[in-house]
Structures are given as structure tokens and as C-alpha cells.
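Remarks on the structure that follows.
All of the numbers you see were taken from the coordinates with simple rules; none came from a lab. If you're wondering where the values come from, they're calculated on a predicted model, not measured in any experiment. With ideal geometry, Cβ positions are generated from the backbone for all residues, glycine too; neighbour counts draw on all protein chains shown.
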Amino acid sequence: MATDAGGYLVLPGIVDLHGDAFERQLMPRPGVHFAPVSALLETDRQLLANGITTAYHGVTLSWEPGLRSIEAARQFLAALTAARPRLGAGTRLHLRFECFSLDAVEEVVGWIEAGQIDLLAFNEHTNDVARDIRRGKLGTYLGRTRGPCECLRIATIHSLASAVHSTNVRLRSNFRRGQCSR
């Protein structure tokens, strides 16, 4: 089948490999949440309107609660499965795995083996979080950790960051001694 495109400018579709703006569709402001399927459908509409035909949605899986938690990642995977038949753009998952999300390793390996992860990156932001805690700059961090019914206290953030930092120190020590295993 041929289409006459005479008089039109025809371009290939754009591929977005680094789609971290998707988090703003899920939570446009602290405390305001949209259902993941609705967020995916809205994102799809915006992608196609801007010539993006393939998108890798960056989903961060972290030790943090809220938007970047294991539960949020599970919800996103379920929503993507549900929404995929209604999406116009090729929608892929770019999982950004925070290295100290050790409790989620086996589950993520299962997702990879099942073909649910299209692109995998390893992140390590514990030092950044610790720095922001020391500087008293927790606004953005606190905003994205709040779920619809959660309200974290600064003491809770300190406790989480301390636990992750402690794991960080132990793992680095084990790496130096060659004693790491999964």
C-alpha cells in the first residue's frame, strides 16, 4: 500500500531513550497522584503529538518510599501491561535500579527474565541524599517520597539514609576484600 505524501515533510519518528519526565505525569506536584494507566495514556498522547514514536519510560526503583518504591514499580508494570493495547507509541521500560535496593534484587531479576525490562541502568544516589540531609535541603526528596496517604518525617528520612549508608560502607568493604556475592 502506498501513500501519496506529496507536499508534506515526512520524517522518521523520534526515539526517546531517557524519559524521566514521566514521573511528572504520575505525580505533577507533591501529594497529587494520578492513576498509572491514566498517566500512561496522557503521556502517550503527548509523545505522539511531539513526533515521538518510541519511548523508554524511566522508572527509578529505589530504597526510598513513595514514587520510587518497589510497590510503585510493581504498579507501573501492571499499568503498562493494562495500557499497552491502547498506546500508540512504542512504549518501553527503562528501569533505573538504585544499587542499594537490595531487597528488590530477586524480583527485578525475575522481571528481566520475563522480558519486562527493556533497558537497565544502575544508579547510586545515596551520597547525594546524605549531602542534602546534611544541608537541610530535603524539599524535592520529601515531595517524591510522599504517597497519597504518607507523610514522612525528617527523622524517618535520616533513619532510612543511615541504614542505606551503613549498607554502602559494608558492601564497599566486602568488595575490597573480594567477598561479595548475590
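For segment 34-57, residues that are surrounded by 20 or more Cβ atoms within 10 Å (Cβ to Cβ) and under 17 Å from Asp118 (Cα atoms) total 4.
Scanning segment 84-103 for residues that are of a type in the set (Gly, Ala, Ser) and surrounded by 19 or more Cβ atoms within 10 Å (Cβ to Cβ) returns Ala89, Ser101.
With a requirement of 3 or more residues that are closer than 30 Å to Asn127 by Cβ and in contact with a Ser or Thr (Cβ under 6 Å, 6 or more places away or on another chain), none of the strands (runs of 3 or more DSSP E) lying completely within segment 1-103 satisfies it. Within segment 17-33, the set of residues being of a type in the set (A, V, I, L, M, F, W, C) and within 16 Å of His57 (Cα to Cα) comprises Leu17, Ala21, Phe22, Leu26, Met27. The set of residues in segment 63-77 being closer than 26 Å to Gly90 by Cβ, touching a residue at least 60 places away in the same chain (Cβ under 8 Å) and in contact with a strand residue (DSSP E or B) (Cβ under 7 Å, 6 or more places away or on another chain) consists of Arg68 alone.
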